[in-house]
Structures are given as C-alpha cells and as structure tokens.
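Notes follow once the structure below has been shown.
The values are calculated or read from the model by the stated rules, or taken from the named source; none is laboratory data. The structure presented is a predicted model; accordingly, all values stated were derived computationally and were not measured. So basically every Cβ, Gly included, is an ideal-geometry build from the backbone, and we count neighbours across all protein chains shown.
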Amino acid sequence: MRRAFTLATILIVIAGFLYFTKPSDEACFAEARAAFRKDLDRMEAAMPQTVNRDVFRAVSEKIFQQEVRVEDRMLFKVVYQRKGGLDQQVGWAAGGYISVNLK
C-alpha cells in the first residue's frame, strides 16, 4: 500500500512538472517556422536565378502558416502539418523541449 502511494505521488509530481513546463503554442509554431526557413534557404540556394526569391519566400511562408497547427494534449503538445489532405505529425513539445522534424 505504501509503495502504491509513493508511486502515485511520484507520477503526480511528474505530471505537474510536465503540465506547467510545456511550451506555448507560439513557441512550438516558432520552432516549426525556424525548421521550415532552414529548408526554404536550402531550396532557394538550388533555385535558378530567374525566380524572384522574395515572392517565393512570401508565398511559401503564407502556405506554411496555413498548413501547420499545434494541438494541446494534457501533458504535451503535438505539431501537425497538412500534406495531401492529411494531417501528419511533425513534432512534439513537452517539459520545455520542442522537437520538430519537417518532412
């Protein structure tokens, strides 16, 4: 009985820590935007010189803002990107840590 109480107490403390330290939606979106901009820079380097890069970047970022969403779960957050009509999980955030891997 004492072990069960100790285990429950530890789990409650961990859950409280995760709940109060999960990053904000804005921080998750900013991390996803940073990963997208890194990919965008790589794409711009491979583009021909005839393409207007400012227009390409503006249109790409506008589309990206419409595709990405952050969903709040109880103890963590999930980052989704809409591709081909389906939402694909591209990242997660918990305990102050954000991981985004755009595909």
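As a summary of the residue check, Val55 satisfies the conditions (1) within 28 Å of Arg82 (Cβ to Cβ); (2) modelled with pLDDT of 90 or more; (3) of a type in the set (A, V, I, L, M) except for the one numbered (2).
Could you list, in sequence order, the residues of region 71-80 that are without any contact (Cβ under 8 Å) to a residue 24 or more places away in the chain and surrounded by 12 or more Cβ atoms within 10 Å (Cβ to Cβ)? Write out each step before concluding.
Of the residues in region 71-80, the ones without any contact (Cβ under 8 Å) to a residue 24 or more places away in the chain are 71, 73, 78, 80.
Passing the criteria: Glu71, Val78, Tyr80.
Among the residues making up region 13-43, those that are closer than 27 Å to Asp54 by Cβ and among the basic types (Lys, Arg) are Arg33, Arg37, Lys38, Arg42.
I'm checking my understanding of the structure. Among residues of region 73-88 that are touching an Asp or Glu at 6+ places or on another chain (Cβ under 7 Å) and not basic (Lys, Arg), which one is nearest to Ser99 (Cα to Cα)?
Only one residue tops the list, namely Val78.
A single entry from Arg33, Arg57 fulfils the requirement of being surrounded by 12 or more Cβ atoms within 10 Å (Cβ to Cβ) and more than 29 Å from Met74 (Cα to Cα): Arg57. Evaluate the following for Arg69: is it in contact with a helix residue (DSSP H, G or I) (Cβ under 9 Å, 6 or more places away or on another chain), part of a helix (DSSP H, G or I) and closer than 22 Å to Tyr97 by Cα? No; evaluated as a whole, the condition is false for this residue.
For first residues located in region 41-70 and under 28 Å from Gln89 (Cβ atoms), partners that are at pLDDT below 90 and among the aromatic types (Phe, Trp, Tyr) and lie 6+ apart or on another chain with Cβ distances below 6 Å do not occur. If we scan region 89-103, do we find a residue that is hydrophobic (A, V, I, L, M, F, W, C) and at pLDDT below 90? Yes, region 89-103 has at least one match.
Can you find a residue that is of a type in the set (A, V, I, L, M) and in a strand (DSSP E or B) anywhere in region 80-91? Scanning region 80-91 turns up at least one residue that is of a type in the set (A, V, I, L, M) and in a strand (DSSP E or B). Against the list (1) surrounded by fewer than 11 Cβ atoms within 10 Å (Cβ to Cβ); (2) at pLDDT 90 or above, the condition Gly85 fails is (2). When the residues of region 18-30 are filtered to those that are touching a residue at least 60 places away in the same chain (Cβ under 8 Å) and part of a helix (DSSP H, G or I), the one that is nearest to Val79 (Cα to Cα) is Cys28.
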